[in-house]
């Protein structure tokens, strides 16, 4: 179970870098506050890129970062832990509690939308395998 959660965590990191993130904020309406997390923008910085791998430092701030597809298989290392929910196009979702130092793997061609329901960012180093 711990391995699958770590793999799940690793999968989200590559996609965040590929995400065309949405921005905005959830606010109160006439019927009360929204139950949806605010839209947010993940940040991704390429720290190494060569013919074999691309390494990215990715941060997921609180909120929804947008649906995206991971084109490459990848390994992720959790730097700053937290909880991420992954929503899929078919309507399914999964929640992963990520611990600092956790490592996981995910194959290519996965589409999902990560959501950070917490109040602190989640940060992961991702290594895409070319």
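A few notes on this one:
Conditions tested, residue by residue: (1) assigned to a loop (DSSP other than H, G, I, E, B); (2) modelled with pLDDT of 95 or more; (3) closer than 17 Å to residue 122 by Cα.
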| site | (1), (2), (3) |
| --- | --- |
| 12 | no, no, yes |
| 17 | no, no, yes |
| 54 | no, yes, no |
| 57 | no, yes, yes |
| 66 | yes, no, yes |
| 77 | no, yes, yes |
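- Complete set of residues in the range 47-58 that are within 15 Å of residue 130 (Cβ to Cβ) and touching a residue at least 12 places away in the same chain (Cβ under 8 Å): 51, 52, 53, 54, 55, 56
- Hits in the range 102-115 - residues which are in a strand (DSSP E or B) and farther than 17 Å from residue 77 by Cα: 110, 111, 112, 113, 115
- Extreme residue, nearest to the chain's Cα centre (by Cα), among residues of the range 34-52 that are modelled with pLDDT of 95 or more and assigned to a strand (DSSP E or B): 45
- Answer residue from the range 79-93, given it is part of a strand (DSSP E or B) and within 12 Å of the chain's Cα centre (by Cα) and is surrounded by the most Cβ atoms within 10 Å (Cβ to Cβ) among those: 84
- The requirement of being modelled with pLDDT of 95 or more, part of a strand (DSSP E or B) and under 13 Å from the mean Cα position of the chain (by Cα) is satisfied by residue 97.
The values are calculated or read from the model by the stated rules, or taken from the named source; none is laboratory data. Everything numeric here is computed off the predicted structure, so don't read it as measured data. As a convention, Cβ positions derive from the backbone with ideal geometry for all residues, glycine included, and neighbour counts pool all protein chains shown.
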